[in-house]
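*Asks:* Sending over a structure as structure tokens; questions will come in a sec.
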Amino acid sequence: MIKALLFDVFGTVVDWRQSIIKQFNQFELKNEITGDWEKVTDLWRQHYQPSMEDVRSGKRPWANLDTLHKESLVKIINEMEIQGIKDDDIDEMTLYWHNLDQWSDVEDGLNKLRSNFTLSTLSNGGTQLLTNLSKINNFKWDNIFSAEGFKCYKPDPKTYLGATESLGHEPNEVLLVAAHNQDLQAAKLCGLMTAFVSRPTEYGKNQDFDLKADENIDISATDFIDLSNKIVLN
């Protein structure tokens, strides 16, 4: 029986891509510094897994996601030869990830799920990042579980099992909700229940992966409302 839900955040709960592009465009208007901000945003996300892999593999000591995001952005700005960006601008841009808009179905879906389960994050984002996202979106999580607390990044089993242990539940009593099959498969290997939520435009209109759940995923939903209709006890 499912007793608690864990939520991936980037892409599952919040629309990181459009939110980041919007903030870059606002920066351009304010500072009159032009750039291909959609490309910067997409490249930034492409650096996401490789930057964490250096930590997972032990090539470098623990570094939180803000640090990794900042380092990746500096590389991208330099490679794209965008002129006029100062160190303070880089610091400001790194915090764009703290200010992301939720998908339109999230608030209503979480409210319905909250009446039946405890709701917690399980994200590679840092604790302060997740706290800030929760404040601006009025997310009422019961717990904020971050990779920072476990000093390892998903899909390391210590993240999934650490969260379930903190909740005081067996893995099969906890459901991970994510828009990414890789995340769900890693959780499944740890004994968690899994729910795929479709976010077909997370990476833009030409997204060609994570459009549907892998066959062995326990639950497939079109959004949080659909998920709540499938698992909430009436």
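The values are calculated or read from the model by the stated rules, or taken from the named source; none is laboratory data. All of these numbers come straight from a predicted model, not from anything done at the bench. Note that each Cβ is placed from the backbone with ideal geometry, even for glycine, and that neighbours are counted across all protein chains shown.
*Asks:* Residue under question is Ala221, and the condition is that it be touching a helix residue (DSSP H, G or I) at 6+ places or on another chain (Cβ under 6 Å), within 21 Å of Leu65 (Cβ to Cβ) and of a type outside the set (Val, Ile, Thr); does it hold?
*Replies:* Answer is no for this residue.
*Asks:* Looking at (1) part of a helix (DSSP H, G or I); (2) surrounded by fewer than 18 Cβ atoms within 10 Å (Cβ to Cβ); (3) in contact (Cβ under 8 Å) with a residue 12 or more places away in the chain, which one does His69 not meet, given that it meets all the others?
*Replies:* (2)
*Asks:* I'm told Ala221 meets every condition in (1) of a type in the set (A, V, I, L, M); (2) exposed (fewer than 12 other Cβ atoms within 10 Å of the Cβ); (3) at pLDDT 95 or above except one. Can you identify the failing condition by its number?
*Replies:* All conditions are met except number (2).
*Asks:* Can I ask one more? Do we have Asp183 as out of contact with any Gly (no Cβ under 7 Å at 6 or more places or on another chain) and either among the aromatic types (Phe, Trp, Tyr) or over 15 Å from Phe10 (Cα atoms) (or both) here?
*Replies:* no
*Asks:* Same structure, new question: Could you say which residue among Asp88, Asp108 is surrounded by fewer than 21 Cβ atoms within 10 Å (Cβ to Cβ), in contact with a Ser or Thr (Cβ under 9 Å, 6 or more places away or on another chain) and of a type outside the set (Gly, Ala, Ser)?
*Replies:* Asp108
*Asks:* Can you pull out every residue in segment 168-193 that is surrounded by fewer than 20 Cβ atoms within 10 Å (Cβ to Cβ) and among the aliphatic types (A, V, I, L, M)?
*Replies:* Leu189
*Asks:* A follow-up question, please. Could you tell me which residue of segment 35-66 is farthest from Ile77 (Cα to Cα), considering only residues that are in a loop (DSSP other than H, G, I, E, B) and in contact (Cβ under 8 Å) with a residue 40 or more places away in the chain?
*Replies:* Trp62
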